[in-house]
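Trainee: Below are the structure tokens for one structure; questions will follow.
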Amino acid sequence: MYTTNASRGLPRHRSRYPAERYTRWALRGLVAVLVLALLWLVLAFHLHGQPIFALLFLVLGAALGIVFTRRRLMSHRYIFPAVAGMALFVIFPLLYTIGISFSNYSSSNLLSEERVRAQLLSRTYQEESATFGFQLYSSDEGVRLYLEREGAPTGAGEREAEVEEALEGVSRFTTGPMSLAQGEGRHVSIQPAPGEPAGEPMSLREVIASRAALQNLVLVTPEGLELRMAGLRHFAPMLDRFEARDDGSLYDRRDDRLLIADRETGFFVTDEGERITPGWPVAVGLDNYARIFLDPDIRGPFVQIFVWTFAFAGLTVLFTLMVGFVLASLLQWDQLRGKALYRTLLILPYAVPAFISILIFKGMFNQHFGEINLILDALFGIRPDWFTDPWLARTMLLIVNTWLGYPYMLLLCMGLIQSIPRDLYEASAVDGGGPLTNLFRITLPLIIKPLTPLLIACFAFNFNNFVLIALLTGGNPDILGASTPAGTTDLLVSYTYRIAFQDAGQNFGLAAAIATLIFVLVAGLALLNLRLAKVRV
Amino acid sequence: MAMVQPRTLRWRKLAAHLSLCGFLVLILFPLLLVISISFREGNFASGSLIPENFSLEHWSLALGIPWERADGSVVQPPFPVLLWLWNSIKVALVSSLLIVLLSTTSAYAFARMRFAGKGPILKGMLIFQMFPAVLSLVALYALFDRLGQFVGWLGINTHGALIVASLGAVALHIWTIKGYFESIDGSLEEAAMVDGASTWQAFRYILLPLSRPILMVVFILAFVMSIMEYPMASVLLVDEHKLTLAVGAQQYLADHNQRWGNFAAAAVLSGLPITVAFLVCQRWIIGGLTAGGVKG
């Protein structure tokens, strides 16, 4: 093979052409800018406590810098963008998914521990013992808020004493005149009032009308106690609910209990073991895998879906191959006229975008209005429940997928049959061989070997045929008694997708564990394929 | 031409034609049906294949023009189909241009240069190619969610994210182009370099003009694949006006409210150009698809 200077690592001389010299400098500048941009991202991720993503972009930036400065790696510059694209959007997500599978990452364990702590510390609660009834008085200058104490001190609790102290025994407050039209989170100071202001209080209907504005108000007493709206007729002091202790635990003031950060489960827990949500993701080892194989509510549906996935992919390959092969054998017949037209019409299902044809079938199979049931009803008087009966739904999927997939097999078989030497059939005809003899003694043995890797690729594709399931049945009808969203027509991929994105719990950890199992299966198929296809590099 | 022919040839030919035609009717029925429905009145499936009550209502709505019924009521288009189509085309155009750019330069290196790690990288690409993106969606979502905090146009609900994410799927195209490059004799470039051309010049002025057909094929393939991409777009895009056609089209057939007629018009409108493009370029596309052993 002929090789270029670059790959031999020969020095590249200063170009004679100014234009080329400038281009080189421009390229160097571009690389420098890219490296700087990546380093900025690394820094940003690092400062936001995302070490994994910081590391990812550090590796990417470093690789970029090295490949584009070392002369020895000249050839690698050509492949770098594509390899980087694959690394970033295929390999990194793969590794990240495997990483998630060992954690309890889910919608309840989403934020980092610091963010969870900050969120809990920002929570407030109402001190019930010191509620104030309120009235609105409108005047020319604006609206006045008048508060009168309702709740009586019960004398218990540390916080209550604090509130009493801040109130200093005053039980009536009023604000100055103000407008209720203004924006959010306003702090308004209130003063002790001698008695009710003059004039008629506004009706409840008017109070309701300005509810949104009132909810945004924070009333501050001279001692700094903050009151917020606690109902249509009440204001009450809002206190910080949690207090950080030095040992990292949180003290719950409302319920008078201590919360301790449990780094095994990723939650703050009380002495009784109650978990406070939200939690943060922590490593849980093989828990997710253990759940798949040991928890009967997950294992049952999982095994069912697993078997169906294999059956679906296997049967699809079988049916499409059968249809495709028969058609290809017909179309390669010399005596047949109009082959080009037949061919074009036969591959039409392949030319229509899949997302459209799948939806067409969804409409046609509709149990009440669909054409298929109309025709079946007219001919045989039956109306099958295509979408609610598990076996009929599976049959429908296979019918639709055969329709979608046979043109590919037809094209493959046509290509392979055409490459068989004609003399073989001539010799067979001389010896009196019929079509069946030709099929089993000549055609099949000769095409099966080059076809096998393509069939495996097709199997792997249908094994992961997410689009068909998502658009046609969405996995329905559901498997009864499953603790995760699992359908009788779900494939492993769509099952994973539903656990991660459709379930209320969004259990990313469990979904990632199942995804990892599929990765292993797909990797096995890919390696087998590579070996059978004898890929020459 | 076969020399030895059986006597029953005429009957067998007739039987072949008949069975092929019967099969074609069965296969093409859904496609003809949808075209017919798009011209029918109402959103229910009834009536014959040739519409009795011919109406352009669905087509008008699919093109985004409000339709005035005979009784005077005006129907507004339910979904912005043309906008979705435009989004799809925009994303597909940019991403397939980028894919052609990246895979051509890589394929050149793989076909013409010798360097460390060439074999393993090529094989690794083939293996990783088989992992479906659906399974890594959680990770991809997390990646773009975080990236979006710092780089706005790469966040969730942007077309930038969708375009960039499609760059992961270049392996198939690299293999296709590499195969073509290897079929071109290297002596032309060698001659150019003896005359003083640089590596880049040999690539740019000799090899690229010769391989224009395969680049067209890869571009069309990448374009069709991008138009049909569903899982990634369904997770990354949120707002209705940002959706691509593949994600948006299914909203017509929601479980409780089937807009069968409207869907038919939108499906024909958006599917027909893609189908025609596919059929026109079928020779090249099929070559590329069967060579890679991966269905689009």
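None of the figures in this text is laboratory data; all of them are computed from the coordinates on show. Please read all numbers here as calculations on a predicted model, not as lab measurements. With ideal geometry, Cβ positions are generated from the backbone for all residues, glycine too; neighbour counts draw on all protein chains shown.
Trainee: What are the ³J(HN,Hα) couplings of region B:94-104, residue after residue, when phi is run through the Karplus curve with 6.51, -1.76, 1.60 and θ = phi - 60°? Round to Hz, x for glycine and proline.
Mentor: Working through the residues one at a time gives 5, 5, 6, 4, 4, 4, 4, 4, 5, 6, 5 Hz.
Trainee: Moving on. Whole-Hz ³J(HN,Hα) for each residue in region B:197-204, computed from phi via Karplus 6.51 cos²θ - 1.76 cosθ + 1.60 with θ = phi - 60°, x for glycine and proline: what do you get?
Mentor: Couplings: 6, 7, 3, 5, 5, 4, 5, 6 Hz.
Trainee: Just need the relative contact order of region A:271-391 here, percent rounded to a whole number, with Cα pairs under 8 Å and 6+ apart.
Mentor: Numbers: 35 pairs, mean separation 10.3, N = 121.
Relative contact order of region A:271-391: 9 percent.
Trainee: About the Cα centre of region A:243-288, what is the dipole size in debye to 20, counting +1 per Lys and Arg Cβ and -1 per Asp and Glu Cβ, all else neutral?
Mentor: Numbers: 6 positive and 12 negative charges, 35 e Å.
For this selection, approximately 160 debye.
Trainee: Same structure, new question: Search the structure for amide H atoms under 5 Å from the amide H of B:Ile184, placed 1.01 Å from N in the peptide plane, and list their residues when 5 or more places away or on another chain.
Mentor: HN-HN under 5 Å from B:Ile184: empty list.
Trainee: Pick out, in residue order, every one of the trypsin sites (Lys or Arg not before Pro) in region A:316-396 that is DSSP loop and has at most 11 other C-beta atoms within 10 Å; say none if there are none. Intermediate values should be presented prior to the final figure.
Mentor: On the way: sites: A:Arg337, A:Lys339, A:Arg343, A:Lys362, A:Arg394; in loops: A:Arg337.
Loop-located and lightly packed - A:Arg337.
Trainee: When the expected Rg is taken as 2.2 N^0.38 Å, what fraction or multiple of it is the alpha-carbon Rg of region A:340-464? It would help to have the intermediate numbers written out before the result.
Mentor: Values: Rg = 19.6 Å, N = 125, 2.2 N^0.38 = 13.8 Å.
So the Cα radius of gyration is 1.42 times the expected 2.2 N^0.38 Å.
Trainee: Moving to a separate point now. What average number of partner chain Cβ atoms lie no more than 10 Å from the Cβ of the residues making up B:112-120? Walk me through the intermediate numbers first.
Mentor: Numbers: counts 8, 13, 6, 11, 4, 3, 5, 3, 1.
Counting other chains' Cβ atoms within 10 Å and averaging over B:112-120 gives 6.
Trainee: Mind checking the alpha-carbon convex hull of region B:144-250 and giving the volume per residue in Å³? List each step's numbers first, then the result.
Mentor: Details: hull volume 13.8 nm³, N = 107.
In region B:144-250, the Cα convex hull volume per residue is 129 Å³.
Trainee: Under 5 Å between amide hydrogens, which residues at least 5 positions from A:Glu150 or on another chain qualify, with H placed 1.01 Å from N in the peptide plane?
Mentor: A:Thr131, A:Phe132, A:Gly133
Trainee: Further, regarding this structure: Could you please report the charge total around B:Val75, scoring K, R as +1 and D, E as -1 over all other residues with beta-carbon less than 9 angstrom from its beta-carbon? Show your work: numbers first, answer last.
Mentor: Values: positive: B:Arg69; negative: B:Glu57, B:Glu68.
Neighbourhood net charge equals -1.
Trainee: Helix A:508-533 against the longest principal axis of chain A: what's the angle in degrees, Cα atoms only, rounded to the nearest 10?
Mentor: Roughly 20 degrees, rounded to the nearest 10.
Trainee: How do A:Ser106, B:Ser88 rank when sorted from fewest to most other Cβ atoms within 10 Å of their own Cβ?
Mentor: A:Ser106, B:Ser88
Trainee: Excluding same-chain residues fewer than 8 positions from B:Lys123, which lysines have a Cα within less than 28 Å of its Cα?
Mentor: B:Lys123 reaches A:Lys449, A:Lys534, B:Lys178, B:Lys295.
Trainee: How much length, in nm to one decimal, is gained on full extension between A:Asp389 and A:Ser179, taken as 0.36 nm per residue of separation minus their Cα-Cα distance? Let's see the in-between values first.
Mentor: On the way: separation 210, 0.36 × 210 = 75.60 nm, distance 6.24 nm.
Stretched fully, the A:Asp389-A:Ser179 segment lengthens by 69.4 nm.
Trainee: Take A:Arg21, project a point 7 Å from its Cα along the Cβ direction, then tell me which residues of region B:186-200 have their backbone nitrogen under 12 Å from it.
Mentor: Flagged as within label range: none.
Trainee: With r defined as the distance between the Cβ atoms of A:Glu200 and A:Glu165 and R0 fixed at 41 Å, what FRET efficiency is calculated, to the nearest 0.05?
Mentor: Numbers: r = 35 Å, r/R0 = 0.85.
E between A:Glu200 and A:Glu165, to the nearest 0.05, is 0.70.
Trainee: Now, a different point. Looking at region A:176-298 only, what percent of DSSP beta bridges run antiparallel? Nearest 5 please.
Mentor: Numbers: 16 of 20 bridges.
Beta bridges within region A:176-298, antiparallel portion: roughly 80 percent.
Trainee: Still on this structure: I want to check the label-to-label distance for B:Asn257 and B:Ile35. Put each point 7 Å from Cα in the C-beta direction and report it in nm to one decimal.
Mentor: 3.1
Trainee: How crowded by other chains is A:411-418, given as the mean number of beta carbons from other chains within 10 Å of each beta carbon? Kindly include the intermediate steps, with their values, before the conclusion.
Mentor: Numbers: counts 5, 4, 0, 2, 4, 1, 0, 0.
Average per residue, whole number: 2.
Trainee: Another one. Just how far, in whole angstrom, is region A:49-101 from region B:202-238 if you go by their alpha carbon centroids?
Mentor: If you average the Cα positions of each part, the centres end up 22 Å apart.
Trainee: Quick one: 3J(HN,Hα) in Hz for region A:59-65, Karplus 6.51/-1.76/1.60 with θ = phi - 60°, rounded, Gly and Pro as x.
Mentor: 4, 4, x, 5, 4, 4, x
Trainee: Rounded to the nearest 10 degrees, what's the angle between the helix B:282-292 long axis and the longest principal axis of chain B, both from Cα atoms, 0 to 90?
Mentor: Tilt of helix B:282-292: around 60 degrees.
Trainee: Compute the acute angle (0 to 90°) between the alpha-carbon long axis of helix A:354-364 and the principal axis of greatest extent of the alpha-carbon atoms of chain A; round to the nearest 10°.
Mentor: Here the helix axis deviates by roughly 80 degrees.
Trainee: Take the alpha carbon gyration tensor of region A:387-537, find the square roots of its eigenvalues, order them as a ≥ b ≥ c, and report rounded if a/c is under 1.5; if not, report prolate when a/b exceeds b/c, else oblate.
Mentor: Values: a/c = 3.99, a/b = 2.09, b/c = 1.91.
Prolate shape, in that a/c is at least 1.5 and a/b is the bigger ratio.
Trainee: Assign one of three labels to chain B, namely rounded, prolate or oblate, based on the Cα gyration tensor with a ≥ b ≥ c the square roots of its eigenvalues; rounded applies when a/c is under 1.5, prolate when it is not and a/b is larger than b/c, and oblate otherwise. It would help to have the intermediate numbers written out before the result.
Mentor: On the way: a/c = 2.45, a/b = 1.32, b/c = 1.86.
Oblate is the answer for chain B, as a/c is 1.5 or above yet b/c matches or exceeds a/b.
Trainee: Could I ask something else about it? With each run of n ≥ 4 DSSP H residues scored as -39500 (n - 2.57), what mean residue ellipticity at 222 nm is computed for chain A after dividing by its residue count and rounding to the nearest 500 deg cm²/dmol? Show your work: numbers first, answer last.
Mentor: Numbers: 20 runs with 273 residues, N = 537.
Computed mean residue ellipticity for chain A: -16500 deg cm²/dmol.
Trainee: Continuing with the same structure: Summing Lys, Arg as +1 and Asp, Glu as -1, what charge do residues with Cβ under 14 Å from the Cβ of B:Asp195 carry, B:Asp195 excluded?
Mentor: Working: positive: A:Arg16; negative: B:Glu189, B:Glu190.
That works out to -1.
Trainee: Now for a separate question. Excluding same-chain residues fewer than 8 positions from B:Lys13, which lysines have a Cα within less than 23 Å of its Cα?
Mentor: Qualifying lysines at Cα under 23 Å: A:Lys339.
Trainee: What is the Cα convex hull volume of the protein assembly as shown when expressed per residue in Å³? Mind dumping the intermediate values first?
Mentor: Working: hull volume 209.3 nm³, N = 833.
So the per-residue Cα hull volume is 251 Å³.
Trainee: Could you tell me whether region A:252-395 comes out rounded, prolate or oblate from its Cα gyration tensor? Rule is a ≥ b ≥ c as square roots of the eigenvalues, rounded for a/c under 1.5, then prolate if a/b exceeds b/c, otherwise oblate. Please list the in-between numbers first.
Mentor: Details: a/c = 3.42, a/b = 2.52, b/c = 1.36.
It is prolate, given that a/c is not under 1.5 and a/b is the larger ratio.
Trainee: Taking R0 as 30 Å, what's the FRET efficiency between B:Ser183 and A:Ala427 from their Cβ-Cβ distance, rounded to 0.05?
Mentor: Numbers: r = 32 Å, r/R0 = 1.08.
It comes out at approximately 0.40.
Trainee: Per residue of B:138-149, count partner chain C-beta atoms within 10 Å of its C-beta, then hand back the mean as an integer. Write down the numbers at each step before the final one.
Mentor: Working: counts 17, 13, 7, 4, 9, 8, 1, 0, 8, 5, 0, 4.
Partner Cβ neighbours, averaged per residue: 6.
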